[in-house]
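Below is one structure, written out as structure tokens; the observations come after it.
The values are calculated or read from the model by the stated rules, or taken from the named source; none is laboratory data. Computed from a predicted model, the values in this text were never measured in an experiment. Methodologically, a virtual Cβ is constructed for each residue, glycine included, from the backbone with ideal geometry; neighbour enumeration extends over all protein chains shown. Keep in mind that these areas ignore ligands, DNA and RNA; they rest on the heavy atoms of the full protein, side chains included. Shrake-Rupley method; radii C 1.70, N 1.55, O 1.52, S 1.80 Å.
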Amino acid sequence: MQRSVSQSDAVISLSAATATLGSRPVLRGVDLAVQRGEVVALLGANGSGKSTAVRSVIGQVPLTGGSVELFGTPLRRFRQWARVGYVPQRTTAAGGVPATIREVVSSGRLSRARLGLLSRADRAAVNRAIDLVGLTDRAKDSVSALSGGQHQRVLIARALACEPELLIMDEPLAGVDLASQEILAATLREQVAAGVSVLLVLHELGPLRPLIDRTVVLRDGLVVHDGPPPAGGLLPGHDAHHLTKEDCHPDAVHAAAAGVPTGLLG
Amino acid sequence: MSELLDIFSTPFMQRALIAAVLVGITAPAIGIYLVQRRQSLMGDGIGHVAMTGVGLGFLLSASPIWTATAVAIVGSVAMELIRWYGKTRGDIALAMLFYGGMAGGVLLINLAPTGSNANLSSYLFGSLSTVSSQDVTAIVVLAAFVVLVTMGLRRQLFAVSQDEEFARVTGLPVRLLNLLVAVTAAVTVTVAMRVVGLLLVSALMVVPVAAAQQISRSFTVTFVLAVAIGTTVTLGGTVTSYQYDVPPGATIVLLAIGVFIVLTLLATPLARRRSRAKASPELPSETVRAPDAAKV
């Protein structure tokens, strides 16, 4: 009620977020908002905190300060998980027992089929999600028999199985061959056209560049750039030498100059 | 043939066979989730902790199966809590729990007026003749719980065991489900205790699953096959144990390992044939399909 219109339009709103891993500060006051229908890419070097930022949005990493809201609801009270599709980094998703593509994608439908009973509509949604990533004729194959790119497509199908309004993806292009990258880009384009909001962690924009509305660059746990994607091949924040004063949050310049030891960038 | 009928007409063998079938179903049914979470040895740890429960049962002159269930549940919950919170020295804490449980069992059973290491041995390695009718009642009740959880919640448990982080974002109560898996594993240990014995319980949770996944590509098929293998080896082992007067637990586990070896040997030519059958249409279709799918 007290919220302004602009705030209630944000599907993700991370404000002044701080987080630590062990005793090391990883987020040092990150503000990040994704508006409805927006596609935001989170960029930064390894250890810049981009994965932690995304994982704090879904509650996987607890914040030590600041706040997270999803669809205008504080994360702690957020229950409408069927509105969110999450694609974790590929390494987290490997079980010790064989499972088919359809079995893995079906688990993405659990946010709508809470009791674990899949209705005909649920099964249709699962099949649609598998079809979206072009794996229909392999639906009965074991995921362990897939290439890296195909496995990534399975994880995206799993996120799409609940027909989400918001997609959160952590490095969806990592270790993905060119053919799969194109399929992922096409899938994402279709979702964006349907009005889905997207927050994705990327190492490089690659084939997704035309889809990105805004890039947010993290460096040492701080936002150093928040604006339209850079025109050239250069990604601000990826290389300290390319950083200009305009790209940088004043604190970040100060922090960099002061040589805050992070132990991450060598 | 008459000898076989003889087996089924002996009351203690009837009880042993009922217990054996239930063990054959429940152990792989929960074991598959432990294997999926790469916690194959958790059953072994719970088995060690349950020894204290058996000792406690003798000391209190209570039914060891219920005291073992209680202590095993406490132990498994402790293990799950250590997994959440004790990230740094978790292995040491688990070792304490395992060996403390074993030592506690030996000590308590020797303190008990009716207990001796001979009693303990029947719980460690299983024994057919000692399965009482109260034991059978307890085993049926506990097995029903295990079946209800492992089959009724299979999609939820599959999701949590496959990818905990993703499961949390689907809104599943991940911690509760993890605790449920731990408690169910503890209950299974006590179901299996009389027939297979505490020290070999874990084998029956893991080996049928490992054998099944040699030849299956899906979770559902692995589940069904593992339960089928489990039931076959527990029944076969129980009958063999009766006929040759050898300990049932050891017989069952060796049979299960035999099935594993046979299926592993079968798996290689099977996989080769599958990949050959695939190889020809696979390569061109993959490259042709990619742009097609991109257009959709």
Averaged over the residues of B:67-73, the number of partner chain Cβ atoms within 10 Å of each residue's own Cβ comes to 0
With the charge dipole of the protein assembly as shown built from beta-carbon charges (+1 for Lys and Arg, -1 for Asp and Glu) about the Cα centre, the Cα from A:G221, B:M102, A:G22 projecting farthest to the positive end belongs to B:M102
For chain B, the longest principal axis of the Cα atoms and the Cα long axis of helix B:64-85 enclose an angle in degrees, to the nearest 10, of 40
Residue-normalised value, i.e. accessible area per residue, for chain B at 1.4 Å probe, in Å², stands at 43
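Starting from 0.36 nm per residue, how many nanometres of slack lie between B:L41 and B:L111 once their C-alpha separation is accounted for?
Working: separation 70, 0.36 × 70 = 25.20 nm, distance 2.97 nm.
So the extension gain works out to 22.2 nm.
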Reduced to Cα centres, the span from the stretch A:39-109 to the stretch B:44-64 in Å works out to 42
Rounded to the nearest 10, the angle in degrees between the Cα long axis of helix B:248-295 and the longest principal axis of the Cα atoms of chain B comes to 20
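Taking R0 as 35 Å, what FRET efficiency do you get between B:V141 and B:Y85 from their Cβ-Cβ distance, rounded to the nearest 0.05? Mind showing how you got there, number by number?
Values: r = 32 Å, r/R0 = 0.92.
Once the sixth-power term is evaluated, E becomes 0.60.
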Taking every residue of B:172-178, the Cβ atoms of other protein chains inside 10 Å of its Cβ average out to 1
With +1 at each Lys and Arg Cβ and -1 at each Asp and Glu Cβ, the charge dipole magnitude of chain B around its Cα centre, to the nearest 20 debye, comes out at 960
Simple SL model, points at 7 angstrom along Cα→Cβ for B:R276 and A:D226; separation in nm is 6.1
When the charge dipole of the protein assembly as shown is computed with +1 on Lys and Arg Cβ and -1 on Asp and Glu Cβ about the Cα centre, the Cα farthest towards its positive end, among A:A82, B:G249, A:A121, belongs to A:A121
Expected integer from the mean partner chain Cβ neighbour count at 10 Å over A:109-121 is 3
Extend 7 Å from the Cα of B:V221 along its Cα-to-C-beta direction; within the stretch A:122-150, residues with backbone N under 15 Å of that point are A:138-146
Between the Cα axis of helix B:133-152 and the main Cα principal axis of chain B, the angle (0 to 90°, nearest 10) is 20
Chains B and A: accessible area buried, summed over both chains, 1.4 Å probe, nearest 100 Å², reads 3400
So the carbon and sulfur contribution to the accessible area of the stretch A:5-258, 1.4 Å probe, in percent, is 53
Here the gain from full extension of B:F12 to B:T264, 0.36 nm per residue of separation minus their alpha-carbon distance, amounts to 87.2 nm
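Place a +1 charge on the Cβ of each Lys and Arg in the protein assembly as shown and a -1 charge on the Cβ of each Asp and Glu, then give the dipole magnitude about the Cα centre in debye, rounded to the nearest 20.
640
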With 0.36 nm assigned to each residue of separation and the Cα-Cα distance removed, A:S67 to A:A124 gains 16.8 nm
Per principal axis, largest first, the Cα atoms of chain B extend in Å by 78, 55, 29
